[in-house]
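Participant: Sending over a structure as structure tokens; questions will come in a sec.
The values are calculated or read from the model by the stated rules, or taken from the named source; none is laboratory data. It should be emphasised that the depicted structure is a prediction, and the values quoted were computed from it without experimental measurement. So basically every Cβ, Gly included, is an ideal-geometry build from the backbone, and we count neighbours across all protein chains shown.
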Amino acid sequence: MKSITEKLTDIVGTAFESCDLSREMGFVRVADRPDLAQFQCNGAMAAAKAAKKNPREVAQAVVDYLKNDKTFSKLEIAGPGFINLNVTDEYLAAHMVEAAGDDHLGVTAVKPDTVVLDYGGPNIAKPMHVGHLRAAIIGDSLRRIMAFAGYKTLGDVHMGDWGTHMGMIVSEYIRRSNNANNTPTITALVPVTSNWGQSQSSFFTIQSSPNLMDDLSVMYPLVSAACKEDEERKAEALDATVKIQNKEPQYYNLWKKIRDESIIGMKANYELLDVHFNLWKGESDVHDLIPPMVDDLKMRGFAMEDDGAVIVPVKKNDDKKEFPPLILYKRDGAVMYGTTDLATIVERMRDYKPVKIIYVVDQRQHLHFEQVFRAARLSGIAPADIELTHAGFGTMNGADGKPFKTRAGGVMRLEDLIAMGLEKARARMEEAEIAKDFSATEKEDVAHKVAIAAIKFADLQNQRHADYVFDLDRLTSFEGKTGPYLLYQAVRIKSLLRKADYLIGKTANQLIIQDEDRPLALLLTQFPDAFDAALNNYAPHHLCDYAYKLAQEFSRFYSSCHILSEENEALKSSRLALCALTVRTMETALGLLGISVPERM
Ligand code: ARG
């Protein structure tokens, strides 16, 4: 079905056309000043300019045409030629009855084209950190939004599993297991035979995954530091990287084991966050695509040798700044981050034929994506009609304005952060006496939902590019613009409907709009507009703003009129229908943010 602004745009567009003006100028949107009107159309000014006429006269002609239409209760011209519009309560009610019967709440479906979203990027063997948290939260929300719009969505985790960090880890394991006295932290990995050096595919065995993950978290920073200081170790790590990439069994199998175990840990983290992927692929998956891709790019003149390296020049004539080439092979023959990203576009185009590929990655990687996109476009790896977007995001900071750290000053691990959120959520619930008499299981379920709502909403409510301060105290509060506040409001409406025995999914057959109901009713019709703003700009914060406004408007509605105590049965049932539509809309908006609402709390 069409949203109310789409329907009004049709009507006003026809009026413009009838006045010999361009139909597009009849675009109607929600009014900026709700105190003056419900909707507005600003097209008369541009239309007048094109027709070399006076804008107020143009607006007057459109308004005169619309006067015969039963849709409007007010048509006014303001300022230089703004057209202010109100719809009749009957029109509003009829639209809402239709929207209540629509499972997409008035959002118009797009063509079911495929879209790939890349919002993981955790690195094997390294702990996941809060940068990965933002990618996951924003990307998973965008996936839900695009799926709701009607796209076929594919979320790809795109793990960092092929770089030198893997060579460091593998060479360190081998080094330590060679020297039994030197293995205090290696409990997980032991040689199964003593004849180290023989080629044997199952040379090592990993005994238990928790130990492995703990080992890695201790080991990675040590090895990484050691490789910086010690040339010999660095060379060893690079050698191991090449051996893994050439699939030499001892190295490759060890790499694979570590990768498999790491994935278990990653999946658990994403599961806790209620973040989901369709594809569990990594940089390593495109390894075999790289040589033919580079050959092809060389043959067609897009890639060339440069001082022993292989590069794709991507600068354009109108670049204001120096624009570095994309490096495909370094002088030592190693492939780069950009190489795997380019080859991944080759793979995605071949396997999924997407119309869009969206990368939800830290804003600081913008230059990298610009280089990759340019190379893909120049060479035709991504045809011109395929959208490539880097939906970058800012940094999550601590109270000191610096990237969020643990109290000890280290990088905050994702699972620790979630645990902190959970602990705080429990304390908040205790304070507010929420879920007080629930069973332990239900209480824990509510606490988990509160924690996730708090963390996700705090992140998503910001403009994507902006940095923000992660303030656990504020974002877990049940008051103000927070996830927990919205959950609480949604649950209150659910319990009100339960008291009235009213089914949330019930379709409304008649609505009565009085002064008290009108603002809430109008706001409910605006869900598709908030949705479109979020979809078109990859900006979930529009849905956050909308959900918060809806909760506040509902509070006003609730305190200004009778619902359960309303004696007029028709009005009571109309108001219950508004409540049901409110909670459905709220739950849908929150669901698109990846936040789920408990039945009660
Ligand atoms: N692994 C990278 C990192 O931790 C992020 C990968 C983002 N995705 C991509 N296609 N490059 O910084």
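Yes or no, residue by residue, for (1) at pLDDT 95 or above; (2) in contact with a Pro (Cβ under 9 Å, 6 or more places away or on another chain):
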position: Met396; (1), (2): no, yes
position: Pro403; (1), (2): no, no
position: Gly409; (1), (2): no, no
position: Leu417; (1), (2): no, no
position: Lys436; (1), (2): no, no
position: Val450; (1), (2): yes, yes
position: Ile455; (1), (2): yes, no
position: Asn462; (1), (2): yes, no
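Participant: Between Ile244, Ile258, which is over 24 Å from Tyr329 (Cβ atoms) and either part of a helix (DSSP H, G or I) or free of Cβ contacts under 8 Å to residues at least 12 places away in the same chain (or both)?
Facilitator: Working: Ile244 fails: over 24 Å from Tyr329 (Cβ atoms).
After ruling out the rest, the residue left standing is Ile258.
Table: residues versus (1) within 26 Å of Glu433 (Cβ to Cβ); (2) buried (at least 16 other Cβ atoms within 10 Å of the Cβ); (3) touching a helix residue (DSSP H, G or I) at 6+ places or on another chain (Cβ under 7 Å); (4) free of Cβ contacts under 8 Å to residues at least 24 places away in the same chain.
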| position | (1), (2), (3), (4) |
| --- | --- |
| Arg492 | yes, yes, no, yes |
| Leu511 | no, yes, yes, no |
| Gln514 | no, no, no, no |
| Leu524 | no, yes, yes, no |
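Participant: Filter the range 488-510 down to the residues that are of a type outside the set (A, V, I, L, M, F, W, C) and assigned to a loop (DSSP other than H, G, I, E, B) and list them by number. If you could, list the steps in order and put the result at the bottom.
Facilitator: Going through the range 488-510, the residues of a type outside the set (A, V, I, L, M, F, W, C) turn out to be 488-489, 492, 494-495, 498-499, 501-502, 505-507, 509-510.
Passing the criteria: Asp501, Tyr502, Gly505, Lys506, Thr507, Asn509, Gln510.
Participant: Let me ask another. Would you please name the residue that is nearest to the ligand (Cβ to nearest atom), looking only at residues in the range 123-146 that are over 12 Å from Gly594 (Cβ atoms) and of a type in the set (Lys, Arg)?
Facilitator: Looking at the filtered set, the residue picked out is Lys126.
Participant: Taking Met336 as the residue in question, decide whether it is among the aliphatic types (A, V, I, L, M), out of contact with any helix residue (DSSP H, G or I) (no Cβ under 6 Å at 6 or more places or on another chain), within 16 Å of the ligand (Cβ to nearest atom) and closer than 19 Å to Ile244 by Cα.
Facilitator: yes
Participant: Against the definition (of a type in the set (D, E, K, R) and away from the ligand (no atom under 16 Å from the Cβ)), how does Lys315 come out, yes or no? Steps first, answer last, please.
Facilitator: On the way: of a type in the set (D, E, K, R): yes; away from the ligand (no atom under 16 Å from the Cβ): yes.
Against the criterion (of a type in the set (D, E, K, R) and away from the ligand (no atom under 16 Å from the Cβ)), Lys315 qualifies.
Participant: Related question: Looking only at residues in the range 347-364 that are more than 13 Å from the ligand (Cβ to nearest atom) and touching a residue at least 40 places away in the same chain (Cβ under 8 Å), which one is nearest to Ser284 (Cα to Cα)?
Facilitator: Narrowing the range 347-364 to residues more than 13 Å from the ligand (Cβ to nearest atom): 349-356.
After this cut, where a residue has to be touching a residue at least 40 places away in the same chain (Cβ under 8 Å) as well, the list is 352-356.
Values: Tyr352: 18, Lys353: 21, Pro354: 21, Val355: 24, Lys356: 22 Å.
The extreme case among them is Tyr352.
Participant: Determine if the range 142-159 includes at least one residue that is modelled with pLDDT under 95 and either not basic (Lys, Arg) or not in a helix (DSSP H, G or I) (or both).
Facilitator: Filtering the range 142-159 down to residues modelled with pLDDT under 95 leaves none.
No; the residues of the range 142-159 include none that is modelled with pLDDT under 95 and either not basic (Lys, Arg) or not in a helix (DSSP H, G or I) (or both).
Participant: Then there is this: Applying the selection to the range 365-384, what residues are assigned to a helix (DSSP H, G or I) and either modelled with pLDDT under 95 or aliphatic (A, V, I, L, M) (or both)?
Facilitator: Going residue by residue through the range 365-384, those that are assigned to a helix (DSSP H, G or I) are 365-379.
Leu367, Val372, Ala375, Ala376, Leu378 - these are the residues of the range 365-384 that are assigned to a helix (DSSP H, G or I) and either modelled with pLDDT under 95 or aliphatic (A, V, I, L, M) (or both).
Participant: Would you pick out the residues in the range 366-379 that are surrounded by fewer than 17 Cβ atoms within 10 Å (Cβ to Cβ) and either within 13 Å of the ligand (Cβ to nearest atom) or within 21 Å of Ile145 (Cβ to Cβ) (or both)?
Facilitator: His366, Leu367, Glu370
Participant: Considering only the range 416-434, I want to know if a residue exists there that is crowded, with 16+ Cβ neighbours inside 10 Å, over 30 Å from Arg348 (Cβ atoms) and within 16 Å of the ligand (Cβ to nearest atom).
Facilitator: no
Participant: Hey, could you check the range 97-122 for residues that are more than 16 Å from the ligand (Cβ to nearest atom) and in contact with a strand residue (DSSP E or B) (Cβ under 8 Å, 6 or more places away or on another chain) and say which is farthest from Thr5 (Cα to Cα)?
Facilitator: Among residues in the range 97-122 that are more than 16 Å from the ligand (Cβ to nearest atom) and in contact with a strand residue (DSSP E or B) (Cβ under 8 Å, 6 or more places away or on another chain), the one farthest from Thr5 (Cα to Cα) is Thr114.
Participant: Restricting attention to the range 576-586, does a residue exist that is surrounded by 14 or more Cβ atoms within 10 Å (Cβ to Cβ) and free of Cβ contacts under 8 Å to residues at least 40 places away in the same chain? Break it down stepwise before answering.
Facilitator: From the range 576-586, those surrounded by 14 or more Cβ atoms within 10 Å (Cβ to Cβ) are 576-586; that's our starting set.
Cutting the leftovers down to free of Cβ contacts under 8 Å to residues at least 40 places away in the same chain gives us none.
Checking the range 576-586: not a single residue is surrounded by 14 or more Cβ atoms within 10 Å (Cβ to Cβ) and free of Cβ contacts under 8 Å to residues at least 40 places away in the same chain.
Participant: In this structure, does Thr344 turn out to be within 16 Å of the ligand (Cβ to nearest atom), out of contact with any helix residue (DSSP H, G or I) (no Cβ under 8 Å at 6 or more places or on another chain), of a type outside the set (Asp, Glu) and at pLDDT 90 or above? Steps first, answer last, please.
Facilitator: Values: within 16 Å of the ligand (Cβ to nearest atom): yes; out of contact with any helix residue (DSSP H, G or I) (no Cβ under 8 Å at 6 or more places or on another chain): no; of a type outside the set (Asp, Glu): yes; at pLDDT 90 or above: yes.
Taking the combined requirement at face value, the residue does not satisfy it.
Participant: Starting from residues that are among the small types (Gly, Ala, Ser) and buried (at least 22 other Cβ atoms within 10 Å of the Cβ), keep the ones in the range 150-168 and report whichever is farthest from the ligand (Cβ to nearest atom). I'd like the intermediate steps shown before the answer.
Facilitator: Restricting attention to the range 150-168, the residues satisfying the condition of being among the small types (Gly, Ala, Ser) are 150, 155, 160, 163, 167.
From what's left, buried (at least 22 other Cβ atoms within 10 Å of the Cβ): 155, 167.
Numbers: Gly155: 12, Gly167: 16 Å.
The residue in question is Gly167.
Participant: Inside the range 38-61, can you point out the residues that are under 9 Å from Phe82 (Cβ atoms) and part of a loop (DSSP other than H, G, I, E, B)?
Facilitator: Asn42
Participant: Select from the range 396-448 the residues that are touching a strand residue (DSSP E or B) at 6+ places or on another chain (Cβ under 6 Å) and over 24 Å from Val218 (Cβ atoms) and list them in ascending order.
Facilitator: Asn397
Participant: Taking interchain pairs and intrachain pairs at least six residues apart, which have beta carbon atoms under 9 angstrom, with the first residue in the range 454-469 and under 19 Å from Leu273 (Cα atoms) and the second of a type in the set (Val, Ile, Thr) and surrounded by fewer than 20 Cβ atoms within 10 Å (Cβ to Cβ)?
Facilitator: Ile455/Ile418
Participant: Determine which member of the set Val115, Val107, Val12, Val28 is touching a residue at least 24 places away in the same chain (Cβ under 8 Å), farther than 30 Å from Leu272 by Cβ, surrounded by 17 or more Cβ atoms within 10 Å (Cβ to Cβ) and under 34 Å from the mean Cα position of the chain (by Cα).
Facilitator: Details: Val115 fails: farther than 30 Å from Leu272 by Cβ; Val107 fails: farther than 30 Å from Leu272 by Cβ; Val12 fails: under 34 Å from the mean Cα position of the chain (by Cα).
None of the others qualify; the one that does is Val28.
Quick grid of which residues meet (1) modelled with pLDDT under 95; (2) more than 30 Å from Val223 (Cα to Cα):
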site: Asn68; (1), (2): yes, yes
site: Glu76; (1), (2): no, yes
site: Phe82; (1), (2): no, yes
site: Glu90; (1), (2): no, yes
site: Thr114; (1), (2): no, yes
site: Asp118; (1), (2): no, no
site: Leu133; (1), (2): yes, no
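Participant: Separate question: If you go through the range 530-572 one residue at a time, how many are more than 14 Å from Leu460 (Cβ to Cβ), over 18 Å from the mean Cα position of the chain (by Cα) and buried (at least 17 other Cβ atoms within 10 Å of the Cβ)?
Facilitator: So the count comes out to 10.
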